[in-house]
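Heads up: the structure comes next, in structure tokens.
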Amino acid sequence: MGADHLVRAFRQGLNDTGFIEGQNILIEYSSAEGYPSRLAPLASELVTRQVSVIFCDNIAALAAKAATKSIPIVFAGGGDAVQEGLVASLNRPGGNVTGVNFFTGAIGTKRLDLLRQIVPNATKIGVLVQPSTAQTEAKHKELEATAQGIGSSC
């Protein structure tokens, strides 16, 4: 699994709150192994098994959302959950889907606004991101537009 460190952190967080895998909680891991076409069948299988909650990234959450309206879905990812149709809004997600976006246009714009409040005279602000992704390009355009609106550049 390419995210072993995340799984370890997840298990540690569970342990810290009293959930011990194999004693009072069972965690079933599924992976599409880089093949998005496998997500829908995997999500359907989890629904059939009547899991209590589905934890996933934004892409897998779309498949899970299509598979169930009742099982809670918790996502963590870098996409725009509102734009992708996962949630109605970041403040009030609605439905059975909720989660955390690490860097969306809306959050990026808010961070830029907060930074501007902290350093009001800043005219040049650096943003460090993973290059060459559609999400990064879209976020850059949103931040640049916001920065120009307040007299800065990114």
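The values are calculated or read from the model by the stated rules, or taken from the named source; none is laboratory data. On a predicted model such as this, the values are computed, not experimentally measured, just so you know. Note: ideal-geometry Cβ built from the backbone for every residue, glycine included; neighbour counts use all protein chains shown.
Some points to look at:
- Criterion (surrounded by fewer than 18 Cβ atoms within 10 Å (Cβ to Cβ) and among the aliphatic types (A, V, I, L, M)) met by exactly one of Val82, Val87: Val82
- Residue match in the stretch 32-48 (condition: surrounded by 15 or more Cβ atoms within 10 Å (Cβ to Cβ), in contact with a Lys or Arg (Cβ under 6 Å, 6 or more places away or on another chain), modelled with pLDDT under 95 and assigned to a helix (DSSP H, G or I)): no
- Residue satisfying all of: in the stretch 43-68; more than 17 Å from Phe10 (Cβ to Cβ) and among the charged types (D, E, K, R); nearest to the chain's Cα centre (by Cα) among these: Lys65
Per-residue answers, yes or no, for (1) in the same structural domain as Lys141 (by TED's automatic domain parsing); (2) hydroxyl-bearing (Ser, Thr, Tyr):
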site	(1), (2)
Val7	no, no
Leu14	no, no
Ile20	no, no
Tyr35	no, yes
Ile54	no, no
Ala63	no, no
Ile73	no, no
Ala88	no, no
Thr109	yes, yes
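- Of all residues in the stretch 6-31, those that are surrounded by 15 or more Cβ atoms within 10 Å (Cβ to Cβ) and either in a loop (DSSP other than H, G, I, E, B) or touching a Lys or Arg at 6+ places or on another chain (Cβ under 8 Å) (or both) total 1.
- Among the candidates Val100, Val74, residue that is of a type in the set (A, V, I, L, M, F, W, C), modelled with pLDDT of 70 or more and in contact with a Phe, Trp or Tyr (Cβ under 6 Å, 6 or more places away or on another chain): Val74
- Of the listed requirements (1) closer than 30 Å to Glu142 by Cβ; (2) assigned to a helix (DSSP H, G or I), Gly99 misses just one: (2).
- Any chance Val51 is among the β-branched types (Val, Ile, Thr) and in a helix (DSSP H, G or I): no
- Per-region count, the stretch 90-104, residues in contact with a helix residue (DSSP H, G or I) (Cβ under 9 Å, 6 or more places away or on another chain) and not β-branched (Val, Ile, Thr): 6
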